[in-house]
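Here the structure comes first, spelled out in structure tokens, and everything after it is commentary.
The values are calculated or read from the model by the stated rules, or taken from the named source; none is laboratory data. All figures in this text were calculated on a predicted structure; none of them were measured in a lab. Cβ: placed from backbone, ideal geometry, glycine included. Neighbour counts: every protein chain shown.
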Amino acid sequence: MALLTSFYVHHPMSIRHLRLTEKHLLAGTASGAIHIVDRRCRHTENFSGCEHRTTIEAGETWHFDCYQNTLITANNDHVLRVWNVDTGLLQRTLARHSSAVNQVLIANAATVISSSQDSTVIVWDLPTAVPRWTLSHGAVVECLMIHGDLLFTGARDGTITIWDLEKGGFVRVLQGHTTPVWRMTVHLDGRLLATGASGGSMRIWDATSNHCIAECQGHTKMITDFTSVSETQLMTSAADGTIRVWDWTTGRHVSTLVAHERAVRGLSLTSQRVISGGMDGYVRVWDRADMTTSYEMREKVRAVWHLVSEADTIGLALLVEEGKHLIEMWDASQLK
């Protein structure tokens, strides 16, 4: 493992969101400062005046997404803002929601999906800044996911709704969770859907019907991440500090690893290793064969806010001390 770049962010609260794309690493605070570093940067925390870094002051922000050179922020003032990552300039606004925008997902260069505290989901035509569809939900949507032409929305009332993105129409609703749905992932073939709700509730569904294949028992607190290990196995992490492996097709529990003393904040997989970051301040590397600790990737900090990955690169948002956060990018290509 080699540290590629790092920089400090000073903020009294947490790093709310961390995103790693093909070109950039982006870290956002609750006050709306989006700190952006070009992935070509090789400067470290002690270097000032780096030409690869920029900050966009986007206003109070709940979430953001980035695609190529476009950044879109979901703002508390009911508006989505579209920014040019390279210039830091505001390009346009998307205004139709009647309450705070809490989620945004960029599907492609022309399509953006947003959800709001007003319990609606809007599918936007980005070039014209005009809504294609407004989808009414029975409750506030907390997570969005796309697979092919289908949009999946998970809501506070425990429902998961599947929509046709091309037609803007309702496909089906999956009911079973009794607490808010916060995480979702879909199997590679699109037939199976895994969902995680408050309290550690987890279900695997046949996404082509309303059938719940399994209610997976094990986690005692909210699931924080899903990762497909293979076509047959699914890995989960949770706020209970554990990492668990499940059979994708049956929901059968395969194994459990007590990974951290506090919440697991992210997972990354290589061919032979699992990397996890926890609120206990550790970033750990595990052997996938027997899930025993190989080593700690870096020295302990106060907390790991986020661990994200893209290809062979890992992004970390770390709490070093009160009000002082460290954003790091690591090369994981040597972890075979």
Which is polar (S, T, N, Q), more than 13 Å from Thr61 (Cα to Cα) and under 20 Å from the mean Cα position of the chain (by Cα), of Asn75, Asn108? Asn108
Determine which member of the set Ala139, Ala100, Ala207 is crowded, with 17+ Cβ neighbours inside 10 Å and over 23 Å from Asp247 (Cβ atoms). Ala100
Tell me, which residue of segment 89-108 that is assigned to a loop (DSSP other than H, G, I, E, B) and touching a His at 6+ places or on another chain (Cβ under 9 Å) is nearest to Met184 (Cα to Cα)? Ala100
Which pairs do you get when a residue that is at positive phi and touching a residue at least 12 places away in the same chain (Cβ under 8 Å), found in segment 140-166, comes within reach of a residue that is outside any strand (DSSP E or B) and of a type outside the set (A, V, I, L, M, F, W, C), reach meaning Cβ atoms under 7 angstrom, with the pair 6+ apart or on two chains? Gly148/Gly190; Gly158/His177; Gly158/Thr178; Gly158/Thr179; Gly158/Pro180
Of the listed residues (Gly148, Gly154), the one being under 17 Å from Val171 (Cα atoms) and surrounded by fewer than 19 Cβ atoms within 10 Å (Cβ to Cβ) is Gly148
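So is Leu135 part of a strand (DSSP E or B), touching a Gly at 6+ places or on another chain (Cβ under 9 Å) and without any contact (Cβ under 8 Å) to a residue 40 or more places away in the chain or not?
Working: part of a strand (DSSP E or B): yes; touching a Gly at 6+ places or on another chain (Cβ under 9 Å): yes; without any contact (Cβ under 8 Å) to a residue 40 or more places away in the chain: yes.
Yes: the conditions hold for Leu135.
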Matching strands (runs of 3 or more DSSP E) fully within segment 192-309 where at least 2 residues are over 23 Å from Leu335 (Cβ atoms): 192-197, 202-206, 212-216, 242-247
Hey, does segment 260-276 have a residue that's modelled with pLDDT of 95 or more, over 20 Å from the mean Cα position of the chain (by Cα) and not hydroxyl-bearing (Ser, Thr, Tyr)? yes
If a residue has to be part of a loop (DSSP other than H, G, I, E, B), on the phi < 0 side of the Ramachandran plot and either out of contact with any Asp or Glu (no Cβ under 7 Å at 6 or more places or on another chain) or of a type in the set (D, E, K, R) (or both) to count, how many in segment 35-88 make the cut? 18
Go through segment 187-199 residue by residue and tally those that are surrounded by fewer than 21 Cβ atoms within 10 Å (Cβ to Cβ) and either touching a residue at least 60 places away in the same chain (Cβ under 8 Å) or within 21 Å of Asp157 (Cβ to Cβ) (or both). 3
Could you grab me the full set of residues in segment 1-34 that are among the polar types (S, T, N, Q) and either in a strand (DSSP E or B) or in contact with a helix residue (DSSP H, G or I) (Cβ under 7 Å, 6 or more places away or on another chain) (or both)? Thr5, Ser6, Thr29
